[in-house]
Every structure is written in C-alpha cells, then in structure tokens.
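The values are calculated or read from the model by the stated rules, or taken from the named source; none is laboratory data. Please read these numbers as outputs of a predicted model, since none were measured by experiment. Neighbour counts run over all protein chains shown; Cβ positions are idealised from the backbone, glycine included. Calculation scope for accessible area: heavy atoms of the full protein, side chains included, ligands and nucleic acids excluded. Shrake-Rupley method; radii C 1.70, N 1.55, O 1.52, S 1.80 Å.
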Amino acid sequence: MADAVCESLALIGVGLIGSSIARAAREFGAARRIAVMDASPQIVQRASELGIADLATQDHAQALAGADLVIVCTPVGACGAVAQTIAPHLQKGALVSDVGSVKGAVVAQMTPHLPEPARFIPAHPIAGTEFSGPDAGFATLFRNRWCILTPPENADAGAIEKLTEFWTRLGANVETMSVAHHDAVLALTSHLPHLIAYNIVGTADDFGDETRSEVIKFSASGFRDFTRIAASDPIMWRDIFLANKDAVLQMLGRFNEDLSALQRMIRRGDGEGLLEFFARTREIRRSIIEQGQDTAAPDFGRRAEGR
Ligand code: NAP
C-alpha cells in the first residue's frame, strides 16, 4: 500500500462524518495514527468500543498531541467555539480542515482563532446519509463522491496538495472553488431540497390522524422519498439554514417563482407546458446517473449502493 498521507490525524466530533473519515483513513491507509475527540462521553465510549481509532478521548490536548492533520467534524454552529478551544493545542505547521456543509459562516467563525490561517483549508465532502452518530459511519461513504475545498486566497499550496491527496485516498473526487460559490451551489443542490422535504413532511403531519395514517400507508407513491431527507439530523440542519441564510433565501425566491409558474400551468390546463417542463427535469436525473452520482436501480438506487 502507498505511504500514509499524514502521520497523525485528529478528528474533532465523531458522528457520521467523523467516524466515516476515521474508518476510511484506516482502511485506505491515509493516516498512520488516528485520534478522535468528542464532547459527549457516551460517544467517546462508543467510538472506543467500535475500535475506529487508536485513541478516543474527550480531551482536546490529548487528541491533538502530534497531529499534523486536524479535521473538525462537529455541527457547523459549534465550529467557532471548537477552533478557539483547539488553537492552543495545535502543533506548529498542523493542517486544519473541517467538513461543514456551509463554508462562509464556518470560515468566518474559525479563521480568527487559528494561529496559521494559511494552513486552514476548509472542505465539504458531498456525501452523507440521514443517520447520525459513530455507528452510522462507514469506510466507503466518500467513494466516488465529490469533496469541495474552499482554500483562502493566501492558502499554503502544500496544505492544499496534502488535503487533496487525503480525500483522494478516501475515494473522493476533489474540486476547489470559492466560499461564496460553494454556498450558492449547495443552497440549490442540498439546502433547498432539505427545506422542501421538511416542509412537505410537516404539511402531512399537520393533517388530522386519518389523513396522516393514509399518507404513511400510501407513502411509496412519492412521499416516502421526502421522508428520508426530512429524517436528517435536526441540529445539523438548523445550523445549516442559520449559517447559509442569504444564499438559501435567494434560492427560495427563485423556487417560489418557478412554483407559481407551475401553478399557473395547472390552473390554465396547460398540458403542453407541463409536459415540456417534466421532460426537461427528467434529463437532469439522467445526467446524475450518467455521472455515477446515483444508480438507476429502483428505490433511488440506495439499496444498491455498496457499503
Ligand atoms: P453527527 O453525526 O451529529 O456528529 C457530530 C458530532 O459532533 C456529535 O458526536 C456531537 O456530539 C459532536 N459535537 C458537537 N459539538 C461538539 C464540540 N463542541 N466538540 C466536540 N464534539 C462535538 O453529525 P455529522 O452528520 O457527522 O455532521 C458533522 C458535520 O459534517 C456537520 O458540520 C455537517 O454540516 C457536515 N456534513 C454532514 C453530512 C451529512 O450528510 N450528515 C454530509 C456532509 C457534511 P453530540 O451529539 O453529543 O452533540
């Protein structure tokens, strides 16, 4: 196997993403030593039982001792406080990164606390499930998924190269873009779909008991796929919407305009318009499958995904 990308990896927060990085880093030889740190004693205990790292601890200093790569894997809202706490324990020259689903707010919260801002390379692996916690992670989560890096203008070139190599070793395809571009793209591809899913499931929940039980019984007609997304972690998604407020509100404005256009077509009986619209959207699904970001298997291909 090729040499490890880093000597000592420290992961702060060992939920779905942190534990998947730990598992993948070990399985694919990306780190020689792995330490995980979490604020919750139960999660540290569980990470220890699962044996996904060489050290599982609640102590920042212990986790960061000798670490040349530190990745913050907590909910976005906790990143600023975490950066402040870890700063005094960072080894000189350590590369710091994160996995937050929003980049602008995370960069603004973390950068002022870090001793070597040019060695802070924010990242976002576009991979996940609706589950949380260390039991939910798996080593192949990042395989053939994108990981977006948003380095600052003065970023250390060696740090970008090392993080690119790390994520590539974990199976991801790496792309670099600006923080603002990331937040606009993700507002449309991830944040808006989650908001729509939360909303539609919430609407069903507001109906009376009889309608609600029918919604569940006949859910395979479409509703079911929204419920998977709407089962995502509430804390994580609260933080994302608060942190990416401007971009989400802008996309929501566009979405509302398009929804009104569809509403008008239905009201006017404009079958041709609806047909043209749905044919266009079907093409998008085809492109996603062609690019390997999903399979054409039934059930959205999820059961077919290798773990
Ligand atoms: P998760 O399963 O809930 O794990 C987060 C972990 O961080 C929990 O164990 C949590 O402990 C711990 N934590 C919270 N505050 C902490 C602190 N101050 N210090 C140390 N540990 C702390 O969440 P996740 O799904 O792995 O998400 C983590 C990050 O990845 C988020 O920023 C999210 O935006 C990003 N992300 C998620 C996905 C996804 O699909 N899930 C995909 C890409 C990126 P407690 O539970 O005790 O609070």
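Structure data summary
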{"read-out": "Count - residues of region 155-211 that are in a helix (DSSP H, G or I) and either out of contact with any strand residue (DSSP E or B) (no Cβ under 8 Å at 6 or more places or on another chain) or closer than 22 Å to ASN256 by Cβ (or both)", "value": "35"}
{"read-out": "Every pair of residues 6+ apart whose Cβ atoms lie under 6 Å, when the first sits in region 87-116 and is free of Cβ contacts under 8 Å to residues at least 40 places away in the same chain while the second is within 12 Å of the ligand (Cβ to nearest atom) and in a loop (DSSP other than H, G, I, E, B)", "value": "ASP98/PRO122"}
{"read-out": "Matching option when the condition is under 19 Å from HIS182 (Cβ atoms), away from the ligand (no atom under 13 Å from the Cβ) and either modelled with pLDDT of 95 or more or surrounded by 22 or more Cβ atoms within 10 Å (Cβ to Cβ) (or both), among VAL106, VAL96, VAL76", "value": "VAL96"}
{"read-out": "Complete set of residues in region 5-30 that are open to solvent by 50 Å² or more (accessible area, probe 1.4 Å) and in contact with a helix residue (DSSP H, G or I) (Cβ under 7 Å, 6 or more places away or on another chain)", "value": "PHE28"}
{"read-out": "Count of region 250-281 residues which are surrounded by 13 or more Cβ atoms within 10 Å (Cβ to Cβ) and of a type in the set (D, E, K, R)", "value": "1"}
{"read-out": "Qualifying positions in region 115-144 - open to solvent by 40 Å² or more (accessible area, probe 1.4 Å), part of a loop (DSSP other than H, G, I, E, B) and more than 8 Å from the ligand (Cβ to nearest atom)", "value": "PRO115, GLU116, ARG143, ASN144"}
{"read-out": "Positions within region 247-276 being without any contact (Cβ under 8 Å) to a residue 40 or more places away in the chain and either closer than 13 Å to LEU186 by Cα or in the same structural domain as GLU130 (by TED's automatic domain parsing) (or both), in sequence order", "value": "LEU249"}
{"read-out": "Criterion (surrounded by fewer than 20 Cβ atoms within 10 Å (Cβ to Cβ), more than 13 Å from the ligand (Cβ to nearest atom) and of a type in the set (Lys, Arg)) met by exactly one of ARG46, ARG33", "value": "ARG33"}
{"read-out": "Which numbered condition ARG212 misses (of (1) away from the ligand (no atom under 16 Å from the Cβ); (2) modelled with pLDDT of 85 or more; (3) of a type in the set (Lys, Arg))", "value": "(2)"}
